[in-house]
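Taking it in order: structure first as structure tokens, then the write-up.
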Amino acid sequence: MTENAHATVTPSGIEIDLSQVPAPVAAAIDTLDAERAPQIAVDLGLTLDEYETVKATLGGREASLTELYVYSLMWSEHCSYKHSKRQLRRFPSEGPDVMQGPGENAGVIRVGDGWAVAFKMESHNHPSAIEPFQGAATGVGGIVRDIFTMGARPIASLDSLRFGMLDKARQRYLFEGSVEGIGSYGNCLGIPTVGGEVYFDEAYEGNCLINAMCVGVMREEDLTRAVGSGPGNPVVLLGSTTGRDGIGGASTLASQEFDEAAENKRPAVQVGDPFTEKLLIEVCLELLQRGGFVALGDLGAAGLTSSASEMASRGGVGIDLDVRKVPAREDGMRPFEVMVSESQERMLGVVTPENLDDVMATCERWGVRCAVIGSITDTGRFVVHDGDLPAGQDIVADMPAALLADAAPVYDPAFRRPAYLDEVAEYNPYHLLLESTVVDLSAVLLTMLASPNVCSRRWIWEQYDHQVQSGTVVLPGADAAVVRVGLPGRGAVTNRGIALASDCNGRYCYLDPYVGAQIALAEASRNVSCVGARPAAITDCLNFGNPEKPEVFYMFKEAVRGLSDACKVMGVPVVSGNVSLYNESFSQPIHPTPVVGMVGIIDSLDEVCTASFKQAGDTIILVGETHDELGGSEYLKHVHDVTAGTIPRLDLGLEMDVQSTVRDAVRMHLLSSAHDCSDGGLAVALAESCISGHLGCEVALDDGLEPVASLFSETQSRILVSLSDDKVEEFEKLVGKHAVPWSVLGTVGGERIGIEGKVDVGLGEAAHIFDVTLEDLVNQVD
């Protein structure tokens with residue numbers, strides 16, 4: 001370290017202004033000796049340079065054992081974003097709808113008439129790879145707490161999932177367990193799971209991805225933030241007891257790769273209790289409604305440590321906690337175990353002395369445990385007491401709150417373009433285009449409908465209660481879910497709605513991280529536009545491998561750059577999100593998977609459209625046009641087992657015009673249906689609209705392309721619509737106004753899916769294959 005009179009620059013590059021560090025509270029503290037402390041720090045995941053930075057924040061002394069545990073978790077990748085923070089600053093986070101951007105438990109946007117929604121997406125990848133049911137279930141519980149912490153009532157959940165191929169027993173175990181965990185926890189809470197997505201690819205065999213998104217609704221004036229204030233105010237812990245389950249769970253598991261020792265990490269997986277969480281939702285929202293809390297925060301990754309230190313740091317105050325006042329479910333818990341336990345269903349609140357009795361009484365009435373465990377101070381220090389020790393010797397940790405929460409080292413990892421990108425880009429599927437002139441394309445379409453990445457997700461969403469709360473307007477299986485805005489329990493029901501979708505094609509990002517991430521945003525926007533919603537804001541979950549590997553960090557950096565650039569062009573801010581790194585097993589990273597969770601605003605639920613064909617005789621129109629773009633497609637992967645080629649181009653201006661055209665058409669009540677063209681191309685989109693509407697079609701594709709490209713190319717910025725004949729002329733004027741390409745394909749009707757000169761399959765056969773494939777894959781026997 002280098003020092004001057006006012007500052008210390010640590011080996012990690014952190015400059016600490018010594019004159020601004022609040023003075024310690026403890027006259028003396030039982031620290032580790034100089035030989036043991038660095039080794040324990042390394043064992044807990046800190047580097048030696050990072051430990052020197054820890055010492056600098058402590059005034060140069062060695063750390064205590066409790067302090068080391070606290071710092072190791074707060075400065076882990078999962079909690080501090082130390083490898084990703086500088087890249088995340090690229091994202092736009094402001095806009096006319098934004099009330100709260102990144103930095104709080106969730107983002108919040110206005111949706112009209114004084115209503116607002118809070119939403120966020122987070123990962124629970126590593127715990128779910130160890131124990132899928134509890135890992136996925138507690139992922140749902142954690143994201144739900146982030147929402148009601150903001151003062152919003154949770155009204156909908158989505159999940160974005162990735163697994164290896166289902167021909168392997170372990171992948172079926174992970175898939176079934178994760179879906180069961182999501183359904184069990186969400187159903188017990190009475191929160192509908194209304195949408196999401198799932199992909200299967202060998203790239204996720206070692207690391208499944210479980211990304212959970214939750215959305216809540218509130219009045220604008222109900223917004224609450226986790227900002228500690230008011231020296232002397234009591235700090236209360238609500239909810240479950242604290243145990244050793246989950247120690248180092250999300251924060252530690254999510255900051256390292258998996259190897260042979262993965263099974264030994266099972267004790268670090270948290271165990272959930274959704275019934276306690278349901279009570280927490282109700283008691284917290286009741287107290288927030290009448291101003292019972294000064295601040296409220298969720299205990300997630302790093303448990304009590306992160307919630308308390310972040311609350312103090314945001315408010316510029318100190319906080320004193322006594323671990324012996326924390327209700328424990330096990331005897332003999334040491335102070336560091338209490339501080340870093342990730343036991344679930346716990347909330348940390350700050351209350352005024354005047355409100356304390358009311359808070360305690362309300363919790364008792366709901367049957368929720370509530371204990372005063374400390375107080376807000378004016379010291380600026382995060383002080384941990386062990387009340388079992390003699391007075392004057394009871395302080396086991398004394399740290400500057402702001403530096404603990406915010407002074408973690410921030411790195412600029414080395415990056416290098418992976419050599420394989422040039423190799424796969426050179427792949428040319430031309431020989432497959434020639435073969436398509438003699439291949440039975442009807443059989444190929446049926447094969448595509450049997451792809452696990454295309455087939456119906458009915459087996460999944462039938463396990464979810466997707467209509468509880470009676471606010472679900474468009475059900476799972478659509479381009480986007482639609483949920484009514486309102487609080488029926490408070491007598492407030494509106495005709496406003498929000499549309500929700502999550503999207504990301506990992507293959508695209510593996511082949512081109514910049515454009516692939518942009519396509520994730522474009523498709524999420526396209527999906528909410530198809531139901532008639534205006535894309536308003538996103539949350540994201542950025543799933544990547546080890547950032548300390550230059551090739552991996554290059555992919556992360558490019559994906560963030562691509563997503564950021566697209567958000568700026570499309571005017572869609574990023575208001576919350578999560579980064580999940582170290583998704584690797586035995587040094588093999590997952591496909592880069594920057595998942596986008598989109599919220600769109602619907603001013604009137606009378607102006608909503610769905611994907612299914614509605615009536616025979618309707619005209620089928622393609623908004624947009626098809627190009628020869630099979631690179632990275634589901635056709636290449638599923639039919640030929642090839643992941644290569646140049647992925648589809650994306651013209652963001654055209655994309656916005658196509659979406660605007662369809663939104664206007666929905667608002668003008670011109671359309672019977674609207675459906676995004678994506679995985680599997682136009683042929684699959686046609687089949688899906690036929691199957692969901694129980695109506696066939698007769699179309700002709702006069703695009704001049706080779707048949708397989710015409711059917712299965714995944715060209716972007718395309719939406720398939722249908723409308724009655726008497727509305728075609730007005731629609732023609734609309735597309736002319738927006739100057740977007742379009743073409744009449746044919747008509748709805750009959751019992752076959754007919755594409756002139758290319759495909760002729762029975763609707764019943766196609767529907768059966770589409771419907772039963774996923775369940776058959778899950779139930780197969782090795």
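The values are calculated or read from the model by the stated rules, or taken from the named source; none is laboratory data. Source: prediction; values computed, not measured. Here the Cβ is made from the backbone with ideal geometry for all residues, glycine too, and neighbour counts use every protein chain on show. Side chains included, ligands, DNA and RNA excluded: accessible areas come from the protein's heavy atoms. Shrake-Rupley method; radii C 1.70, N 1.55, O 1.52, S 1.80 Å.
Taking the stated definitions as given, is LYS278 basic (Lys, Arg), open to solvent by 30 Å² or more (accessible area, probe 1.4 Å), within 24 Å of the chain's Cα centre (by Cα) and at pLDDT 95 or above?
Considered against the rule, which asks whether it is basic (Lys, Arg), open to solvent by 30 Å² or more (accessible area, probe 1.4 Å), within 24 Å of the chain's Cα centre (by Cα) and at pLDDT 95 or above, LYS278 comes out as yes.
If we scan the range 144-166, do we find a residue that is farther than 28 Å from MET555 by Cα and free of Cβ contacts under 8 Å to residues at least 24 places away in the same chain?
no
Any residue in the range 111-126 that's farther than 14 Å from THR149 by Cα and charged (D, E, K, R): show its pairings with residues that are assigned to a strand (DSSP E or B) and open to solvent by 20 Å² or more (accessible area, probe 1.4 Å) at Cβ separation under 8 Å, as long as the two are six or more apart or on different chains.
From the range 111-126, the pairs are ASP113/THR494; ASP113/ARG496.
Considering the range 696-715 alone, what residues qualify as being open to solvent by 10 Å² or more (accessible area, probe 1.4 Å) and either farther than 21 Å from GLY757 by Cα or out of contact with any helix residue (DSSP H, G or I) (no Cβ under 7 Å at 6 or more places or on another chain) (or both)?
Answer for the range 696-715, where residues must be open to solvent by 10 Å² or more (accessible area, probe 1.4 Å) and either farther than 21 Å from GLY757 by Cα or out of contact with any helix residue (DSSP H, G or I) (no Cβ under 7 Å at 6 or more places or on another chain) (or both): GLU698, ALA700, ASP702, GLY704, LEU705.
Being open to solvent by 30 Å² or more (accessible area, probe 1.4 Å) and out of contact with any Pro (no Cβ under 7 Å at 6 or more places or on another chain) is true for just one of GLY693, GLY764. Which residue is that?
Going through GLY693, GLY764 in turn, just one is open to solvent by 30 Å² or more (accessible area, probe 1.4 Å) and out of contact with any Pro (no Cβ under 7 Å at 6 or more places or on another chain): GLY764.
So which residues in the range 515-545 are over 19 Å from the mean Cα position of the chain (by Cα) and open to solvent by 10 Å² or more (accessible area, probe 1.4 Å), if there are any at all?
VAL515, GLY532, ARG534 - these are the residues of the range 515-545 that are over 19 Å from the mean Cα position of the chain (by Cα) and open to solvent by 10 Å² or more (accessible area, probe 1.4 Å).
For residues in the range 457-475 being open to solvent by less than 20 Å² (accessible area, probe 1.4 Å) and part of a loop (DSSP other than H, G, I, E, B), which is modelled with the lowest pLDDT?
GLY471
Which is over 15 Å from ARG526 (Cβ atoms) and buried (at least 24 other Cβ atoms within 10 Å of the Cβ), of LEU670, LEU686, LEU682?
Step by step, each of LEU670, LEU686, LEU682 is checked, and only LEU686 is over 15 Å from ARG526 (Cβ atoms) and buried (at least 24 other Cβ atoms within 10 Å of the Cβ).
With the requirement that a residue be within 26 Å of the chain's Cα centre (by Cα) and among the polar types (S, T, N, Q), what does the range 583-640 give you?
Of everything in the range 583-640, those that are within 26 Å of the chain's Cα centre (by Cα) and among the polar types (S, T, N, Q) turn out to be ASN583, SER585, SER587, GLN588, THR593, THR610, SER633.
Criterion first (in contact with an Asp or Glu (Cβ under 9 Å, 6 or more places away or on another chain) and modelled with pLDDT under 95) does LEU58 satisfy it?
Criteria met by LEU58.
Would you confirm whether any residue within the range 495-508 is over 17 Å from SER717 (Cβ atoms), in contact with a His (Cβ under 6 Å, 6 or more places away or on another chain) and open to solvent by less than 10 Å² (accessible area, probe 1.4 Å)?
yes
Filter the range 199-211 down to the residues that are open to solvent by less than 10 Å² (accessible area, probe 1.4 Å) and either within 15 Å of HIS124 (Cα to Cα) or under 11 Å from the mean Cα position of the chain (by Cα) (or both) and list them by number.
TYR204, ASN207, CYS208, LEU209, ILE210, ASN211
Just to be sure before I move on: is LEU48 open to solvent by less than 50 Å² (accessible area, probe 1.4 Å) and of a type in the set (A, V, I, L, M) in the structure I sent?
Spelling it out, it is not the case that LEU48 is open to solvent by less than 50 Å² (accessible area, probe 1.4 Å) and of a type in the set (A, V, I, L, M).
Identify all residues within the range 435-494 that are in contact with a Pro (Cβ under 8 Å, 6 or more places away or on another chain), among the aliphatic types (A, V, I, L, M) and within 30 Å of VAL708 (Cα to Cα); write none if there are none.
LEU441
Give the range 208-228 a look and list any residue that's of a type in the set (S, T, N, Q) and either under 19 Å from GLN289 (Cβ atoms) or modelled with pLDDT under 95 (or both), or say none.
THR224
Residues VAL439, VAL424, VAL485, VAL454: which one is touching a Ser or Thr at 6+ places or on another chain (Cβ under 8 Å) and either part of a helix (DSSP H, G or I) or under 25 Å from GLY680 (Cβ atoms) (or both)?
Testing whether each residue is touching a Ser or Thr at 6+ places or on another chain (Cβ under 8 Å) and either part of a helix (DSSP H, G or I) or under 25 Å from GLY680 (Cβ atoms) (or both) leaves just VAL424.
Say whether the condition of being within 19 Å of the chain's Cα centre (by Cα), at pLDDT 95 or above and open to solvent by 30 Å² or more (accessible area, probe 1.4 Å) is met by at least one residue in the range 100-108.
Yes, the range 100-108 has at least one match.
Is it the case that ASP479 is under 17 Å from GLY680 (Cα atoms) and out of contact with any Cys (no Cβ under 6 Å at 6 or more places or on another chain)?
So ASP479 does not fit the description; no.
Out of all the residues in the range 16-39, which are of a type outside the set (S, T, N, Q), surrounded by fewer than 17 Cβ atoms within 10 Å (Cβ to Cβ) and not in a loop (DSSP other than H, G, I, E, B)?
ASP17, LEU18, ARG36
Identify all residues within the range 345-364 that are open to solvent by 10 Å² or more (accessible area, probe 1.4 Å) and not in a helix (DSSP H, G or I); write none if there are none.
The answer is THR352, and nothing else.
Name the residues in the range 666-677 that are more than 18 Å from GLY497 (Cα to Cα) and more than 27 Å from the chain's Cα centre (by Cα), would you?
Of everything in the range 666-677, those that are more than 18 Å from GLY497 (Cα to Cα) and more than 27 Å from the chain's Cα centre (by Cα) turn out to be LEU670, LEU671, SER672, SER673.
I need the full set of residues from the range 215-249 which are in a strand (DSSP E or B), under 23 Å from GLU342 (Cβ atoms) and in contact with a Leu (Cβ under 8 Å, 6 or more places away or on another chain), in order please.
Correct list: VAL235, VAL236, LEU237, LEU238, GLY239, THR242.
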